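Note sheet for the following structure.
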Amino acid sequence: MTESTAVASASAAWPPGVQRRQRVAVVGGGAIGTIVAHAAHRAGHKVTLCVRSPLAEVTVEREGAQERLSLPAVTRPDRLTAPVDWLFLATKTYDTQQALGWIRALTGPATRVVALQNGVDHQERIGPLLVVGELLPALVYISAERVSRTHVVHRWGRRLVVPDTAAGSALAALFAAGGSGGVDVVTAQDFTTAAWRKFLTNVAANPLTALTLRRIGALQEPRLRELARGLLREAVTVGVAEGASLSGDDVEQTLDLYAAMHPHSGTSMLHDRLARRRLEHDLITGSVVRAAERHGLAVPLNQAMLALLQTVEAQNAVEALERRPAVA
Ligand SMILES: NC(=O)c1ccc[n+]([C@@H]2O[C@H](COP(=O)([O-])OP(=O)(O)OC[C@H]3O[C@@H](n4cnc5c(N)ncnc54)[C@H](OP(=O)(O)O)[C@@H]3O)[C@@H](O)[C@H]2O)c1
């Protein structure tokens, strides 16, 4: 592997803000966890993967080239004693509570916990789980898919957007070490608006592709495009009530973004439905509906999406039970 070369050259010159090789733990060896672990490893840091079942090696596929990544992987938080400098939380949001053991074992007063999950409510969801340490929410502009347990396809993007704080700058320095270029970190002064803008990219595309079992190109069909526009308009109204500086332009820009994407692109919710995994509808559509309720706003289209997604997921759960072999 070429990995050892990258580590050696990276450790020769730490950028300002990174005084030494950092101890990094990544909770969740799925799509995003693998890409970020790979980038931190290439930047020369000491990376441990925290996983639910043993994982010896992962193949990362990017632009047709494949790279094998072999990192220390641990399966039990009670085997860990020392806090890390950086903990990256890369589980799906519905698994955050199950990741609590890792958070408690690996977080000390100086640990920065980077939430790599989608959504606009990182602080409300994850903040209360930290007894010590500092939470750093990150907006993930990376598209990756775990096509098997040991194979991750990195489709596009390498940007993380974080608040413009000391922790945000430290994260930029972490990945800049050695000039490895695996992940770019950008800081945003108005993180609330940045988070809602990123969230808008999920608000229409994820439920519509997951419910129709169609790819992103389907959103160019007039009826679906109008439905997407309606979902986005509702979300913009809610985002403004939550303090984001959004306008009707954000609706049109998000629709333009969908139009610019490769028509065969999927969304994480579509991939999850096709793979019969749970859906993050509570994080996406559920967040719009809950925030609308807090502000007394009507979001009938998002409410309808939520009801349909909940029905699909309930049906998936029944089918999963039916597929289980009967106990004699
Ligand atoms: N994929 C993307 O392109 C993308 C883009 C932007 C944002 N995001 C966001 O990033 C987050 C992660 O998504 P993803 O696509 O990387 O999901 P994923 O591929 O399903 O990976 C999630 C991983 O978390 C692991 N996990 C769950 N509970 C755990 C626990 N208690 N301890 C250790 N590991 C645990 C799972 O383990 P098992 O292997 O045992 O199931 C799985 O490997 C989500 O919030 C998603 O919305 C994803």
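Only the coordinates and a few stated rules stand behind these numbers; no lab work does. What you are looking at is a predicted structure, and each value in this text was computed from that prediction instead of being measured. Counting neighbours? That spans all protein chains shown, and the Cβs are built from the backbone with ideal geometry, glycine included.
Taking 0.36 nm per residue of separation and subtracting the Cα-Cα distance, full extension of the segment from residue 67 to residue 322 would add 88.0 nm.
Across the range 193-323, Cα pairs under 8 Å and at least six residues apart give a relative contact order of 31 percent. Modelled this way, with points 7 Å down the Cα-to-C-beta line, the labels at residue 315 and residue 98 are 2.4 nm from one another. Among the GluC sites (Glu not before Pro) in the range 153-250, none is located in a DSSP loop while being surrounded by at most 14 other Cβ atoms within 10 Å of its own Cβ. The relative contact order of the chain comes to 15 percent, based on Cα pairs under 8 Å that sit 6 or more residues apart. If you take every DSSP beta bridge whose two residues both sit in the chain, what share of them, in percent to the nearest 5, is antiparallel? Counting DSSP beta bridges with both partners in the chain, the antiparallel share is about 30 percent.
Each label was represented as a point 7 Å from its Cα along the Cα-to-Cβ direction; for residue 256 and residue 295 these points are 2.3 nm apart. Using just its DSSP H runs of length 4 or more, each adding -39500 (n - 2.57), the chain gives a mean residue ellipticity at 222 nm of -13500 deg cm²/dmol after division by all residues. Mean-square fluctuations from a GNM of the chain, with a 10 angstrom spring cutoff on Cα atoms, peak among 257, 208, 49 at 257. With a simple spin-label model that places each label point 7 Å from the Cα along the Cα-to-Cβ direction, the separation between residue 215 and residue 151 comes to 1.8 nm. The mean sequence separation of alpha-carbon pairs under 8 Å and at least six residues apart, normalised by the residue count of the range 121-195, gives a relative contact order of 25 percent.
The stretch between residue 277 and residue 186, if pulled fully straight at 0.36 nm per residue, gains 29.6 nm over its current Cα-Cα span.
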